[in-house]
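Below is one structure; the comments refer to it alone.
The values are calculated or read from the model by the stated rules, or taken from the named source; none is laboratory data. Note that the structure is a prediction, hence the values are computed from the model and not measured. Methodologically, a virtual Cβ is constructed for each residue, glycine included, from the backbone with ideal geometry; neighbour enumeration extends over all protein chains shown.
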Ligand SMILES: [Mg+2]
């Protein structure tokens, strides 16, 4: 059995010590190694294990439970989708629902990309191994590699949804500079991505983090029957980095949308929930009493 630190790195390169691991390295593996910082020496193993992101990335990369959970979510999502496709009074987008006038428009599903249908855990594993944090530079470089995998269950869902008559849109907070690479990555995995239905972020051009303007653009031509994401801001407005209690109160108010018009994927590694924590954050937010 591999040590935990070996398992987490396995998707990036064959990591380990001793001649056995060295013999296992292929030419491709070596090429990847050249492009990256070297794996941690034995003395760094404890640092890797102590990294607060370690368990989260390990769970995503190695647990059968994560795979089963995302498969389950996407399979279950097909049932409310069939209902929403038939019922033209339904819109999953709050702004469109309030405005009305959407009944005759063709149905569409909006999916977020990262950690909704694209698995970037290899990028997060690299950051742990290199003791680095997220940065726009390394993130964009990762996107340009076109190596993100598909989240289990996502491709089958999208394929079936299309067959049922739903148009597909991808609204991602990846930036314009990696749009072509993102389309390429999605197409490589089998998703019906084009330069038209992949809507990237560009704050200067009015396409901000909150995705509101991009959902509105889709709503002009389509009835939005389902929103799927791993972040609150993928589903509704006003949730882009707000206070933790406010986010939770909003979640409570929106429960009727969950599992029908809104589908939430798990992402234990990063998200708006972290940015919404107060300065003193984790330690003060731990609750040792039942609620
Ligand atoms: Mg996401």
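Of the candidates 153, 165, 100, the single residue that is out of contact with any strand residue (DSSP E or B) (no Cβ under 6 Å at 6 or more places or on another chain), exposed (fewer than 15 other Cβ atoms within 10 Å of the Cβ) and touching a residue at least 12 places away in the same chain (Cβ under 8 Å) is 165.
The single condition among (1) under 22 Å from residue 98 (Cα atoms); (2) in contact with a helix residue (DSSP H, G or I) (Cβ under 9 Å, 6 or more places away or on another chain); (3) within 16 Å of the ligand (Cβ to nearest atom) that residue 224 does not meet is (3). What do you reckon, is residue 80 at pLDDT below 90 and surrounded by 18 or more Cβ atoms within 10 Å (Cβ to Cβ)? So residue 80 fails the test.
Condition check for residue 229 on (1) over 21 Å from residue 145 (Cα atoms); (2) buried (at least 20 other Cβ atoms within 10 Å of the Cβ); (3) away from the ligand (no atom under 14 Å from the Cβ); (4) under 18 Å from the mean Cα position of the chain (by Cα): one failure, at (3).
In region 71-185, counting only helices (runs of 4 or more DSSP H) that sit wholly within it, the ones holding 2 or more residues that are in contact with a helix residue (DSSP H, G or I) (Cβ under 8 Å, 6 or more places away or on another chain), under 30 Å from residue 257 (Cα atoms) and within 16 Å of the ligand (Cβ to nearest atom) span 154-163. Kindly indicate whether any position in region 196-210 is away from the ligand (no atom under 14 Å from the Cβ), surrounded by fewer than 21 Cβ atoms within 10 Å (Cβ to Cβ), at pLDDT below 95 and at positive phi. Yes; the residues of region 196-210 include at least one that is away from the ligand (no atom under 14 Å from the Cβ), surrounded by fewer than 21 Cβ atoms within 10 Å (Cβ to Cβ), at pLDDT below 95 and at positive phi.
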